[in-house]
Amino acid sequence: MQVVSARDVDFTKKSEFKESDYVFFNYNDLKVGAKMPIYFGGAFDTEIPHFLPKDKAEMIPFSSQKLPFLLNYFGFQPESPQAKAMEYNLKKCEGEIPDAKGAKKCVTSLDSMIDFVRQTFKTSSTNNGGQLFDDLKVVSARDVEFSKKSEFNEADYVFFNYNDLRVGAKMPIYFGGAFDSEVPNFLPKEKADMIPFSSQKLPFLLNYFGFQRESPQAKAMEYSLKKCEGEIPDAQGAKKCVTSLDSMIDFVRETFKISNTGNGGQLFDDVKVLSTSPLPKSAKVFQPYTIIEQPKRVPSPKMTACHMLTYPYAVYYCHNPDPENQVYEITLMGEDGTRVNAVASCHMNSKAFDPNLMVFRMFNTQPGSPVCHFLSSDGLLWVPANPTSL
């Protein structure tokens with residue numbers, strides 16, 4: 001037998017294995033009295049996150065190609081531990097990292113997991129089996145804290161990525177407008193012109209419409225008035241707030257150089273108005289939608305976009321976007337079966353945009369790249385009826 005002394009041993013050499021490798025053990029140690037080092041840490045060292053509801057989980061893209069969007073959505077830096085963990089998991093789910101053989105699937109909701117288990121065990125759905133798993137939690141990415149919330153809210157999801165203008169693209173979209181309930185009508189021009197429209201007259205206006213100074217209505221009115229007075233920077237080019245349909249038509253005539261013949265209907269021989277189809281009352285204003293038909297580009301060498309503001313009666317903020325903008329008609333199908341014929345506008349040159357705009361963080365882009373957004377159903381986009389005549 002060879003005698004080994006301390007001077008024959010190098011105690012400075014470190015093991016090639018780390019703690020988390022000790023989830024493995026020798027099959028021959030399956031016996032009473034066997035002693036072994038074991039690591040029982042999970043994917044998270046702190047609080048384990050819960051599943052998202054299926055409808056919310058499916059609104060969020062789950063693809064390594066969407067990693068920049070996802071990092072912005074969850075508020076993580078590209079070189080952070082969270083980013084590296086997310087990239088690893090997405091690629092694992094896409095099969096880029098070889099793993100187990102046989103049927104496999106990454107599930108992002110409890111319902112999806114139950115469906116996969118039912119399929120495996122050939123069990124039928126009873127519509128109540130899932131309640132056994134109310135406390136089931138999903139785990140991933142060790143040593144990572146994912147508690148940071150997104151900086152974006154639902155209403156920010158009127159924007160979408162220009163590269164998603166294709167059949168089959170899926171994205172979360174918010175189709176709420178300036179009003180969650182009934183949209184107000186225009187006042188007749190003579191009546192609208194009698195009511196002061198100025199932030200300096202706000203105390204009078206609040207009394208006139210019966211709103212308290214600190215009410216949500218008062219704050220919305222103040223914002224709309226200041227936007228119309230140019231105190232809140234927005235679109236470039238010609239712009240105007242209109243308080244009646246006649247005023248809107250006058251602005252459109254001026255944009256398209258159409259003379260006023262006294263016959264308002266003649267306006268529509270030269271221009272047409274586009275809008276997103278209204279949502280049924282039963283539809284969700286925020287849900288995942290899929291493009292189901294090839295987006296149709298609408299020729300628009302000139303255009304006027306009018307966006308409804310929150311005010312006691314109909315007030316629109318109208319402006320003339322850059323002629324380089326591209327207009328699209330897009331047919332969408334919502335997760336709940338709602339079909340929407342939407343209108344979208346893409347600002348193809350955003351070099352003049354504020355670099356701090358959240359849309360650049362949302363898609364990890366910079367000023368100069370296309371910025372696309374959907375119009376709400378209370379928005380109007382005027383374009384030439386016959387573009388070749390301009």
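The values are calculated or read from the model by the stated rules, or taken from the named source; none is laboratory data. No experiment lies behind these values; they were computed from the predicted model shown. Note that each Cβ is placed from the backbone with ideal geometry, even for glycine, and that neighbours are counted across all protein chains shown.
Could you say whether any residue in the range 114-122 is at pLDDT 90 or above, among the basic types (Lys, Arg) and assigned to a helix (DSSP H, G or I)? For the range 114-122, residues at pLDDT 90 or above, among the basic types (Lys, Arg) and assigned to a helix (DSSP H, G or I): absent.
Would you confirm, using the coordinates I've provided, whether residue 338 is in the same structural domain as residue 252 (by TED's automatic domain parsing), closer than 26 Å to residue 310 by Cβ, surrounded by fewer than 20 Cβ atoms within 10 Å (Cβ to Cβ) and polar (S, T, N, Q)? Spell out the reasoning first.
Numbers: in the same structural domain as residue 252 (by TED's automatic domain parsing): yes; closer than 26 Å to residue 310 by Cβ: yes; surrounded by fewer than 20 Cβ atoms within 10 Å (Cβ to Cβ): yes; polar (S, T, N, Q): yes.
Answer is yes for this residue.
Only a single item in (1) at pLDDT below 85; (2) in contact with an Asp or Glu (Cβ under 7 Å, 6 or more places away or on another chain) is not met by residue 53, and it is number (2).
If you go through the range 73-86 and keep only what is more than 19 Å from residue 287 (Cα to Cα) and crowded, with 16+ Cβ neighbours inside 10 Å, you end up with 76, 82, 83, 85, 86. Just one of (1) polar (S, T, N, Q); (2) surrounded by 14 or more Cβ atoms within 10 Å (Cβ to Cβ); (3) without any contact (Cβ under 8 Å) to a residue 24 or more places away in the chain fails for residue 356. It is (2). Could you list all residues from the range 48-88 that are free of Cβ contacts under 8 Å to residues at least 24 places away in the same chain and small (Gly, Ala, Ser)? Those that are free of Cβ contacts under 8 Å to residues at least 24 places away in the same chain and small (Gly, Ala, Ser): 80, 83.
In this structure, is residue 261 modelled with pLDDT under 70 and among the β-branched types (Val, Ile, Thr)?
On the way: modelled with pLDDT under 70: yes; among the β-branched types (Val, Ile, Thr): yes.
Answer is yes for this residue.
Figure legend. Inter-residue proximity from the range 324-342: first residues within 15 Å of residue 173 (Cβ to Cβ), second residues surrounded by fewer than 17 Cβ atoms within 10 Å (Cβ to Cβ) and hydrophobic (A, V, I, L, M, F, W, C), beta-carbon distance below 7 Å, spacing 6+ or different chains. Indicated pairs: 331/292; 332/292; 333/292; 334/283; 336/283; 338/283; 339/333. The set of residues in the range 201-254 being closer than 30 Å to residue 322 by Cα and among the aliphatic types (A, V, I, L, M) consists of 220, 221, 225, 232, 235, 238, 242, 245, 248, 249, 252.
The single condition among (1) modelled with pLDDT of 85 or more; (2) closer than 23 Å to residue 362 by Cβ that residue 26 does not satisfy is (2).
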